[in-house]
Amino acid sequence: MSGNKKLIISLLIMMLLTKLTYSQHSYELFGFSSNQINSEFRLNSFESNAGNYSLNKDWEFSAIYGAEVNDGNVSSNIFLISLGKKLNNDYFYARYTPGILAKFIINTGIELILDDTTKAKSLSNLFEYKEIFGAGYSHSFGENFSIGFSVRLFQQKTEEDVLDIYYDTEETAYFVPVTEIKKTDYWIGDIGATYNYNELMKVSIQSVNLFTVKEADISEKKYSDLNTNKEVIFGLTINPYKNISLQSFYETNNSYMVGLNGGFSTGIGNISFGISASHNNNIDDLISSVTPSINYSNNFLSISAIGSIFMNNNKTSLSKDNFKNLGIGNIINNRYSNDRILLAMNLALSFKPEKKVKIISLKADEQIFPTLAENYLTKPFATATVINLTNETITVKPSSYIRNLNKEAVYSPIIKASPRDTFEIPFYTIIGEEFSLINSRTISDVHFYLTTENNEPDDEIQKPILINDKNSWDGKIINLKHFVNSDLNFISKYSKQILNNNRTEIENSVSDLENFVKIKILFENFAKQMLYVSDPRSAVEYVQFPSETLNIKGGDCDDLTVCFAAMLEGIGIETAFIDYKNEDKISHVSLLVNTKLKPDQSSLITNNDKKIFIRKNNQNIDEIWIPIETTSFVNFNSSWEIGALQFYKEAITDLGLVKNKVEIIDIY
Amino acid sequence: MKRLILLIIICSINISAQDFKVDKVSGTVKMLRGTSENWENVTSGKKLNSTDLIVTEEKSFIKISNNTTNFVLESNSAIDISKVKNMSMDDLLLALAMEDIRAIPQKDSKSNVKNTAVYGENKGVEKSVEATEATSVYLGVKLLNGAKQLAKSGYKESALVTARETYRKHPSTLTNFNDRIYFTDILIDLRLFSEANEELQSLGKLELSEKNKNQLHSKLEKIKIALLEK
């Protein structure tokens with residue numbers, strides 16, 4: 001035994017003492033160099049991964065070139081070519097494997113002297129086993145559990161020299177050497193599952209030869225047939241420290257394999273190295289083979305060099321008897337295998353950048369009200385709980401796109417996230433003017449995107465959303481002001497026209513009473529043409545635009561209050577909604593209007609100070625406001641008295657303003 | 001439906017508000033019912049609602065009662081019937097806090113462009129304002145007199161609320177130092193030292209005689225000590 005082999009065995013004994021074992025049945029083409037820093041590439045094969053588990057993110061191409069040493073002779077060929085593709089939670093993988101081939105020529109010991117020559121012909125048997133191709137599929141249920149299967153097509157070919165006996169007419173026997181050729185195809189299917197228990201530990205289970213279908217007319221098993229005993233392999237991977245990984249497999253036929261790998265990052269990529277050793281139950285040696293490997297990877301490619309050193313201390317002679325008694329269980333890892341070196345390259349064909357943030361959950365409004373567009377600029381319509389997946393501080397650019405409501409994606413404020421932090425991101429939106437006058441309700445969808453440093457979003461999520469028509473209202477009195485402002489230009493002209501028609505009355509009034517007189521004139525004009533019409537009950541509250549109320553000449557208290565408020569706001573008279581909140585949720589709204597009079601001037605407009613309400617303006621000066629009930633159309637004084645009485649009783653005497661039963665909502 | 005609810009509310013106000021009846025009237029006593037603009041004479045036996053305001057003239061008084069209370073309003077006084085009641089300390093504090101929500105929230109820069117059109121010319125403003133101020137002072141003084149009588153009758157909390165409303169609606173009455181000290185003393189009696197301190201600070205901004213200044217200073221010192229002990 002060479003010095004190197006002693007060193008390797010010492011290392012392996014150390015690993016065995018940790019009670020971690022590796023399966024042997026499955027030989028790992030990539031040499032068990034997969035760990036956390038190169039996990040984006042598939043560095044395992046069906047031999048150790050029948051469940052087709054992979055962390056590959058998109059398209060990936062890989063190729064392995066192999067060289068084999070046999071009695072000092074080196075032969076090389078393409079070992080494997082494969083293609084993998086991740087589609088959401090599904091992963092597909094296919095491989096072509098010209099290098100998975102084992103050929104045995106066994107001399108029968110019979111020699112014939114041909115009658116026409118002096119040469120002797122030795123009779124021999126040729127056994128050839130190869131995998132043609134393999135394919136696999138797996139599905140991930142969340143991040144931690146994956147289940148899948150693989151199917152491989154094997155071909156077994158035997159060429160056996162036998163002697164046929166012919167008799168001539170004189171009954172003379174002739175021995176004629178004949179080669180009998182037989183081909184048998186095997187379909188072998190296996191399943192497997194992998195579970196990431198936590199960041200430190202991963203477990204797996206997989207079948208060996210679960211489904212075997214022979215495409216031949218041979219019903220009786222022959223000694224030369226590929227061994228297809230059914231087994232189960234249990235796998236355990238432990239990451240005790242960053243970038244260090246211990247891997248072990250145990251197979252129910254009492255074979256096992258252990259491996260250790262580690263790595264480090266450099267400025268130009270990651271370097272990993274690993275070593276594994278296997279015990280094959282069919283071979284007398286404690287350690288039947290050792291597989292050292294080294295790997296380089298970056299975001300685009302991974303290159304591995306893998307050696308396979310077969311101990312063969314008790315090398316079995318290649319004889320027909322041994323074949324009969326021991327068979328062959330694995331094409332590339334058996335008692336007759338020669339030392340081998342493989343050079344593997346994996347290439348990310350369509351590079352997907354590392355996902356730096358992820359949406360954990362998202363709460364979004366179920367419906368959008370186009371007329372409340374201004375609200376969505378300052379109040380988020382959705383909030384996402386997001387996690388920074390990296391160990392660094394990142395900048396997250398959130399954006400959203402509501403189909404049929406946004407011209408393009410709308411960006412919300414940028415957020416800086418601490419390493420591994422979980423945080424909330426608000427989404428705002430801008431409703432274009434061309435979308436704000438929608439006349440029918442539609443079901444649409446909203447796309448939420450999180451982008452970090454790349455153009456492509458790191459994460460996105462889609463939700464359905466109801467887009468209401470322009471007259472829909474969410475029932476909150478505060479939002480009625482958006483209807484007041486909806487067609488202020490039109491309503492302003494309308495009010496000015498009325499005042500112009502009554503300019504004599506205004507000119508003859510005391511100048512301090514100008515606002516009061518205007519309020520009175522406009523209300524008288526408003527009241528004489530309006531009719532109260534109840535809102536038809538529907539799933540969503542309906543509010544008319546002021547121009548619609550003037551056109552229809554009627555509405556309910558919301559419509560009438562909005563319309564009269566717009567008439568006053570349009571000429572610069574301040575107004576406020578009075579929201580009378582009712583316990584049965586049917587609230588009432590009326591209007592509070594600023595006369596601009598000082599408290600000491602109250603007797604200019606009333607003898608009864610219950611009809612006025614004093615409010616401080618922005619300059620801290622008291623001004624007289626008056627409550628007006630817009631659903632009463634008798635005359636201005638009547639509407640004022642009705643409005644004032646309810647306000648005095650509910651807002652003042654019953655302390656509704658401080659008990660939150662009455663709320664004043666300014667419109668501006 | 002909403003209109004119906006409104007009518008029910010208004011009707012219920014009228015039905016449930018007949019809180020007092022007039023037992024005796026001497027001299028001239030008038031009333032304003034609800035939000036009416038018209039003064040009515042008050043006579044014995046008349047029923048008064050909580051939304052009514054009664055006003056007595058010189059050398060007049062009125063005695064009113066209900067199941068639990070008798071109240072006499074003396075001459076040159078006015079009172080809201082709704083104020084003749086016991087108020088809890090909580091309700092008093094809420095009523096005083098109502099001041100804070102009377103201010104209009106600060107407007108942002110996006111406020112609408114206001115129409116600045118002016119129709120006609122200014123005329124007779126000064127005269128009108130003077131006239132209305134005199135009317136306001138007249139009613140305001142009477143309301144403060146009524147508030148003092150409420151306090152004397154034990155309705156201190158109601159008296160404070162009335163005074164606060166009167167000062168706001170009839171600001172000319174704010175200049176009467178003695179009246180304001182009177183109501184500040186009630187605040188101190190009720191151990192509302194912070195509110196009393198605030199009122200005295202406001203009072204200090206008036207032009208005061210030396211005597212009044214000393215009186216104010218003395219009360220401020222007492223409140224400081226009370227606030228420290230609190």
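The values are calculated or read from the model by the stated rules, or taken from the named source; none is laboratory data. Worth saying up front: this structure is predicted, and the values here are computed from it rather than measured. Here Cβ is always computed from backbone atoms with ideal geometry, including for glycine, and neighbour counts include all displayed protein chains.
When only residues in the stretch A:48-74 that are buried (at least 21 other Cβ atoms within 10 Å of the Cβ) and not polar (S, T, N, Q) count, which is modelled with the highest pLDDT?
A:Ile64
Filter the stretch A:635-655 down to the residues that are within 7 Å of chain B (Cβ to nearest Cβ) and within 25 Å of A:Ile571 (Cβ to Cβ) and list them by number.
A:Glu641, A:Ile642, A:Ala644
Against the definition (buried (at least 21 other Cβ atoms within 10 Å of the Cβ), of a type in the set (Val, Ile, Thr), in a helix (DSSP H, G or I) and away from every other protein chain (no Cβ under 14 Å)), how does A:Thr549 come out, yes or no?
yes
What are the residues in the stretch A:408-466 that are β-branched (Val, Ile, Thr), assigned to a loop (DSSP other than H, G, I, E, B) and more than 19 Å from A:Lys356 (Cβ to Cβ), if any?
A:Thr429, A:Ile430, A:Ile431, A:Ile438
Could you check A:Ser602 against (1) touching a residue at least 40 places away in the same chain (Cβ under 8 Å); (2) crowded, with 21+ Cβ neighbours inside 10 Å and say which number it fails?
Exception for A:Ser602: condition (1).
Answer with yes or no whether B:Asp90 is modelled with pLDDT under 95, within 9 Å of chain A (Cβ to nearest Cβ), farther than 30 Å from A:Leu499 by Cβ and loosely packed, with under 12 Cβ neighbours inside 10 Å.
no
Out of (1) of a type in the set (S, T, N, Q); (2) surrounded by fewer than 24 Cβ atoms within 10 Å (Cβ to Cβ); (3) touching a strand residue (DSSP E or B) at 6+ places or on another chain (Cβ under 6 Å); (4) at pLDDT below 85, the odd one out for A:Asn38 is which?
(2)
Condition (residue is in contact with a strand residue (DSSP E or B) (Cβ under 6 Å, 6 or more places away or on another chain), farther than 30 Å from A:Ser39 by Cα and part of a loop (DSSP other than H, G, I, E, B)) applied to the stretch A:367-379: is it met by at least one residue?
Checked the stretch A:367-379: at least one residue is in contact with a strand residue (DSSP E or B) (Cβ under 6 Å, 6 or more places away or on another chain), farther than 30 Å from A:Ser39 by Cα and part of a loop (DSSP other than H, G, I, E, B).
Anything in the stretch A:615-632 that is of a type outside the set (Lys, Arg) and surrounded by fewer than 20 Cβ atoms within 10 Å (Cβ to Cβ)? List them, or say none.
A:Asn617, A:Asn618, A:Gln619, A:Asn620, A:Ile621, A:Asp622
Go through (1) touching a Cys at 6+ places or on another chain (Cβ under 7 Å); (2) at the interface with chain B (Cβ under 8 Å from one of its Cβ atoms) and name the single condition A:Val658 misses.
(1)
For the stretch A:457-467, indicate whether the set of residues that are under 29 Å from A:Asp666 (Cβ atoms) and out of contact with any Cys (no Cβ under 9 Å at 6 or more places or on another chain) is non-empty.
Checked the stretch A:457-467: at least one residue is under 29 Å from A:Asp666 (Cβ atoms) and out of contact with any Cys (no Cβ under 9 Å at 6 or more places or on another chain).
Report yes if some residue within the stretch A:474-488 is within 30 Å of A:Asp556 (Cβ to Cβ) and without any contact (Cβ under 8 Å) to a residue 12 or more places away in the chain; otherwise report no.
The answer is yes, given that some residue of the stretch A:474-488 is within 30 Å of A:Asp556 (Cβ to Cβ) and without any contact (Cβ under 8 Å) to a residue 12 or more places away in the chain.
Restricting attention to strands (runs of 3 or more DSSP E) lying wholly within the stretch A:561-634, give those where 2 or more residues are touching a Lys or Arg at 6+ places or on another chain (Cβ under 7 Å) and more than 8 Å from chain B (Cβ to nearest Cβ).
So the answer is A:622-628.
Search the stretch A:92-104 for residues being in a strand (DSSP E or B) and modelled with pLDDT under 95, and hand back the single one that is nearest to the chain's Cα centre (by Cα).
For the stretch A:92-104, the residue satisfying everything is A:Leu101.
Suppose we keep only residues that are surrounded by 20 or more Cβ atoms within 10 Å (Cβ to Cβ) and polar (S, T, N, Q) within the stretch A:486-508. Which one would you say is nearest to the other protein chains (Cβ to nearest Cβ)?
It comes out as A:Ser495.
Identify all residues within the stretch A:386-407 that are among the charged types (D, E, K, R) and in a loop (DSSP other than H, G, I, E, B); write none if there are none.
Those that are among the charged types (D, E, K, R) and in a loop (DSSP other than H, G, I, E, B): A:Glu392, A:Arg403, A:Lys407.
Return yes or no: is A:Ile521 surrounded by 17 or more Cβ atoms within 10 Å (Cβ to Cβ), without any contact (Cβ under 8 Å) to a residue 60 or more places away in the chain and more than 8 Å from chain B (Cβ to nearest Cβ)?
Yes.
Give me the helices (runs of 4 or more DSSP H) completely within the stretch B:104-219, filtered to those with at least 3 residues that are within 12 Å of another protein chain (Cβ to nearest Cβ), at pLDDT below 90 and buried (at least 16 other Cβ atoms within 10 Å of the Cβ), ordered by residue number.
Result: B:125-152.
Exactly one condition in (1) within 14 Å of another protein chain (Cβ to nearest Cβ); (2) basic (Lys, Arg); (3) touching a helix residue (DSSP H, G or I) at 6+ places or on another chain (Cβ under 9 Å) is not met by A:Lys470; state its number.
Only one criterion in (1) within 14 Å of another protein chain (Cβ to nearest Cβ); (2) basic (Lys, Arg); (3) touching a helix residue (DSSP H, G or I) at 6+ places or on another chain (Cβ under 9 Å) is unmet by A:Lys470, namely (1).
Residue by residue, here is whether (1) acidic (Asp, Glu); (2) closer than 18 Å to A:Ala565 by Cβ holds:
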site	(1), (2)
A:Glu629	yes, yes
A:Gly643	no, yes
A:Phe647	no, yes
A:Ile652	no, no
A:Asp666	yes, yes
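Cβ-Cβ below 9 Å, separation at least six or inter-chain, first residue in the stretch A:501-517 and of a type in the set (Phe, Trp, Tyr), second in a helix (DSSP H, G or I): which pairs?
Within 9 Å, the pairs are A:Phe516/A:Leu604.
Within the stretch A:184-197, can one find any residue that is surrounded by fewer than 14 Cβ atoms within 10 Å (Cβ to Cβ) and in the same structural domain as A:Gln247 (by TED's automatic domain parsing)?
There is at least one residue in the stretch A:184-197 that is surrounded by fewer than 14 Cβ atoms within 10 Å (Cβ to Cβ) and in the same structural domain as A:Gln247 (by TED's automatic domain parsing).
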